[in-house]
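Everything on this sheet refers to the single structure shown next.
The values are calculated or read from the model by the stated rules, or taken from the named source; none is laboratory data. Bear in mind that the values here come from a model prediction, so they are computed numbers and not experimental data. Cβ atoms come from the backbone with ideal geometry, glycine included; neighbour counts cover every protein chain shown.
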Amino acid sequence: MAATYDHDDHHHSNAPSTLSSTDYDPNFVPDSVKTFVVLLYRHIREKNVYEIHQMYETTFHTISDRKFKDTPWPSVDAIAPSVDNDHVFCLLYREMWFRHLYARMQPTLKQRIDSWDNYCSLFQVVLHGVVNMQLPNQWLWDMVDEFVYQFQSFCQYRAKMKSKTEQEIALLRQFDQAWSVYGVLNYLQALVDKSMIIDILEREKEGLEQFTADDGYDYNGGSNVLRVLGYFSMVGLLRVHCLLGDYHTGLKCMRPIDISQHGVYTTVIGSHITTIYHYGFANLMLRRYVVAIREFNKILLYIYKTKQYHQKSPQYEQILKKNEQMYALLAICLSLCPQTKLVEETVNSQLREKYGEKMSRMQRYDDEAFALYDELFSYACPKFITPSPPNYDEPLVNYNQDAYRLQLKLFLYEVKQQQLLYGVRTFLKVYSTISLGKLSTYMEVDEATLRTILMTYKHKTHTVDADGKIISNADIDFYIDDDMVHIIESKTPKRYGDYFMRQIAKLEGVMNDMDRIKLE
Amino acid sequence: MGIEIQKQPQPQQTTAHTVEQLVAVNPYNPDILPDLENYVNEQVMSGSYSLDANLCLLRLYQFEPERMSTPIIARILIKALMAMPASDFGLCLFLIPERVQMEEQFKTLIVLSHYLETARFRQFWEEASKSRHILEAVPGFEQAVQSYAVHILSLTCQRVPRTVLAEAINVEGLALDKFLEQQSIERGWIVEKSGGKGQIIILSRNEFNHPELKKNAADSIQLQHITRILPILG
């Protein structure tokens with residue numbers, strides 16, 4: 001089993017340290033913290049999204065780096081008096097408090113359970129519609145993202161049964177509802193339903209609603225919180241279903257969002273990457289390689305071009321990590337479905353640099369190639385989870401790798417089924433017609449076997465989409481007429497339509513710019 | 001669209017309808033587990049099929065393994081095999097714990113799926129005849145695999161020797177004559193005599209065995225995308 005899988009999937013790379021600092025006093029509130037919460041509270045009341053965003057993205061991290069490198073922030077009770085004991089603000093503060101703790105320290109079981117309770121209270125408030133705040137998309141995304149992350153982290157933690165103390169097991173039994181998979185999925189689903197986001201996106205298509213154009217914000221005095229949380233919850237559901245190995249359902253949850261278009265999910269880099277990573281991965285597992293290649297190509301190009309703007313972002317390391325993982329997934333897709341034409345030049349040269357040598361070995365289909373598929377998959381796959389609690393009455397075993405092993409095994413099984421396709425590909429590339437007899441001699445198999453290989457090729461390169469329509473992923477087109485194979489050279493037509501559309505928009509932009517210039 | 005996948009019909013009974021609705025309205029509800037199990041049996045009896053409902057049930061099993069019923073899983077998997085060329089079988093396996101997959105009946109089904117995935121029909125029919133006891137529980141299994149075999153052949157071949165077809169669908173002699181007659185009516189197949197080699201069957205034309213029929217859809221633009229530049233053009 002590849003050891004690379006056991007990577008720490010944490011948002012930050014800081015080595016987790018246990019609470020060693022004895023001088024941490026949860027009740028001590030430094031001035032900088034007091035100023036921070038008072039200002040943040042005011043900006044939230046005044047719906048000043050810009051200032052909220054600044055404080056949330058910058059100030060919070062600056063103070064964390066300076067004062068709370070390896071200790072938690074002051075407890076919520078200590079800051080509550082400074083913010084009128086505002087219930088919702090305290091829930092938000094605790095959400096950040098736990099997020100900071102998870103990122104920099106090792107949460108205890110008690111803290112994991114408390115964090116779950118806090119999410120429940122927070123989502124209850126939002127779901128009952130008593131919130132009238134306007135929060136930055138980045139923050140709302142982080143909430144959903146962190147919620148799913150902590151769920152995943154909890155499942156991993158619980159599955160390592162061998163190292164649990166009796167006390168921990170007693171707590172796990174007592175709070176068996178904390179981070180239950182039903183609870184997690186139902187909260188995400190409730191946010192989707194209650195926000196009516198699917199309806200909003202549908203009405204937007206007919207021009208009856210503005211959502212995407214306003215980046216999800218409400219400029220009519222309302223709140224964006226529920227609907228944007230609902231929107232991001234669809235991505236959350238995609239991710240949870242991927243973690244469970246339910247790729248079909250995951251993609252179904254995402255269907256209301258048109259992935260080919262700019263959308264609110266592209267306004268936050270973390271959400272953009274998470275969406276495409278899981279969307280691409282699910283399509284890869286469903287053998288829809290062309291779809292996966294297209295989306296990976298687009299996002300990798302986007303990251304390549306915009307990377308420099310995120311260098312100071314707290315998400316920078318996570319961006320780089322997902323970037324590398326998606327190159328590995330792209331390498332897998334292209335090895336199984338060699339459609340290099342779909343990949344843009346910059347992405348292609350990066351890919352060659354990182355995986356060129358491995359990719360050429362992966363096409364050999366021997367044990368070594370097999371090991372490389374294993375290695376790349378293990379490095380790049382999501383951190384799969386077993387959602388069910390263990391049977392506490394049976395001997396305690398670790399089962400944290402079970403889900404991953406199953407997905408890996410089934411993936412490698414698929415690779416093996418496609419094993420003979422590479423051989424036939426090389427021949428089909430160089431002939432325009434060839435008899436089955438001749439081809440079978442070259443491939444050193446009998447004619448009946450050759451027929452099965454050619455049919456397998458057709459089957460594996462033609463997938464059924466959600467509507468039952470057959471879509472071709474084939475890099476080479478051929479057909480058999482009686483006992484002759486006819487190969488058609490495939491030419492990808494240039495997509496002029498898209499090109500012209502983009503140029504029209506660009507020209508309009510240039511003309512607008514020129515109109516704005518006033519000559520002295 | 002050249003080839004129509006013959007889908008197992010969607011259920012029509014009113015009770016069935018409510019199960020579909022249950023799944024749509026509340027997919028993460030442990031209380032609907034018995035309904036979903038009954039629904040699997042109903043699919044088996046009526047010849048209908050719902051992947052979404054069955055995945056929903058497998059998901060509930062995944063959440064609460066102690067409620068898992070292996071006979072139900074076997075039925076789901078056989079129905080999924082019948083849905084080939086769709087990858088439903090694989091989708092179900094992703095959700096079934098490895099230790100369960102180790103059971104003899106599931107190992108057999110996995111081998112059968114492997115033969116279908118790699119178009120080894122001769123081996124498939126051999127293996128299937130040994131596993132009658134598992135497969136007979138689901139009516140229509142053979143016909144479903146036959147239509148999958150015809151699908152693959154139609155993707156690959158313009159003309160195919162009678163013997164190759166016979167092996168793929170596991171039908172010979174008079175029964176095959178009858179099958180061919182029916183296909184010539186339904187799909188326009190033509191049986192050709194060729195000197196010495198026996199019959200050759202011309203399969204119906206589609207964009208996969210006649211690539212020249214492929215529509216050049218690559219350069220069409222969706223109306224939705226055009227709406228973006230309308231304000232500019234206006």
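General observations
- Residue in segment A:476-493 that is β-branched (Val, Ile, Thr), modelled with pLDDT under 85 and under 30 Å from residue B:50 (Cβ atoms) present: no
- Top-ranked residue of segment A:234-269 - restricted to ones that are farther than 20 Å from residue B:227 by Cβ and of a type in the set (S, T, N, Q), ranked as modelled with the lowest pLDDT: A:267
- The set of residues from segment B:112-130 being of a type in the set (Gly, Ala, Ser) and within 18 Å of the chain's Cα centre (by Cα) comprises B:113, B:119, B:128.
- Evaluated against (1) in contact (Cβ under 8 Å) with a residue 60 or more places away in the chain; (2) surrounded by fewer than 18 Cβ atoms within 10 Å (Cβ to Cβ); (3) closer than 28 Å to residue A:244 by Cα, residue B:104 falls short on exactly one condition, (1).
- Residue list for segment A:457-475, restricted to those being touching a residue at least 40 places away in the same chain (Cβ under 8 Å) and surrounded by 21 or more Cβ atoms within 10 Å (Cβ to Cβ): A:460, A:461, A:463
- Matching residues, segment A:456-473, being modelled with pLDDT of 80 or more and of a type in the set (A, V, I, L, M): A:464, A:470, A:471
- Any hit, segment B:80-100, residues being surrounded by fewer than 17 Cβ atoms within 10 Å (Cβ to Cβ) and of a type in the set (S, T, N, Q): no
- Criterion applied to B:159, B:99 was being assigned to a helix (DSSP H, G or I), among the charged types (D, E, K, R) and more than 16 Å from the chain's Cα centre (by Cα), and the one residue passing it is B:99.
- Residue in segment A:457-466 that is closer than 17 Å to residue B:119 by Cβ and touching a Gly at 6+ places or on another chain (Cβ under 9 Å) present: no
- So residue A:58, is it modelled with pLDDT under 90 and in a helix (DSSP H, G or I): yes
- Boolean, residue A:450 is in contact with a strand residue (DSSP E or B) (Cβ under 8 Å, 6 or more places away or on another chain), more than 22 Å from residue A:280 (Cβ to Cβ) and assigned by TED's automatic domain parsing to the domain that holds residue A:485: no
- Among the residues making up segment B:136-156, those that are more than 15 Å from the chain's Cα centre (by Cα) and more than 12 Å from chain A (Cβ to nearest Cβ) are B:136, B:137.
- In segment A:258-279, the residues that are under 17 Å from residue A:305 (Cα atoms) and assigned by TED's automatic domain parsing to the domain that holds residue A:201 reach residues that are part of a loop (DSSP other than H, G, I, E, B) and modelled with pLDDT of 90 or more with C-beta atoms within less than 9 angstrom, at least six apart or across chains, in these pairs: A:268/A:136.
- If you go through segment B:191-211 and pick out every residue that is modelled with pLDDT of 75 or more, on the phi < 0 side of the Ramachandran plot and more than 25 Å from the chain's Cα centre (by Cα), you end up with 5.
- All told, residue A:262 meets the bar of being more than 12 Å from the chain's Cα centre (by Cα) and within 14 Å of another protein chain (Cβ to nearest Cβ).
Table: residues versus (1) surrounded by 17 or more Cβ atoms within 10 Å (Cβ to Cβ); (2) in contact (Cβ under 8 Å) with a residue 24 or more places away in the chain; (3) under 16 Å from residue B:119 (Cα atoms); (4) not hydrophobic (A, V, I, L, M, F, W, C).
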site	(1), (2), (3), (4)
B:157	yes, yes, yes, no
B:164	yes, no, yes, no
B:167	yes, yes, yes, yes
B:179	yes, no, no, no
B:193	no, no, no, yes
B:204	yes, yes, no, yes
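- Scanning segment B:73-120 for residues that are away from every other protein chain (no Cβ under 13 Å) and either farther than 30 Å from residue A:392 by Cα or aliphatic (A, V, I, L, M) (or both) returns B:73, B:74, B:75, B:76, B:77, B:78, B:79, B:81, B:82, B:108, B:109, B:112.
- Conditions (1) in a helix (DSSP H, G or I); (2) of a type outside the set (S, T, N, Q); (3) within 21 Å of residue A:418 (Cβ to Cβ); (4) under 22 Å from the mean Cα position of the chain (by Cα): number failed by residue A:358: (4)
- Condition check for residue A:452: modelled with pLDDT of 85 or more, in contact with a Lys or Arg (Cβ under 7 Å, 6 or more places away or on another chain) and buried (at least 18 other Cβ atoms within 10 Å of the Cβ): yes
- Subset of segment B:34-56 [within 12 Å of another protein chain (Cβ to nearest Cβ) and either free of Cβ contacts under 8 Å to residues at least 40 places away in the same chain or of a type in the set (Phe, Trp, Tyr) (or both)]: B:49, B:52, B:53, B:54, B:56
- Test for residue A:428: is it at pLDDT 90 or above and either among the aromatic types (Phe, Trp, Tyr) or under 30 Å from residue B:157 (Cα atoms) (or both): no
- Leading residue by the ranking (farthest from residue A:253 (Cα to Cα)) among those in segment B:58-72 that are of a type outside the set (Val, Ile, Thr) and more than 12 Å from chain A (Cβ to nearest Cβ): B:71
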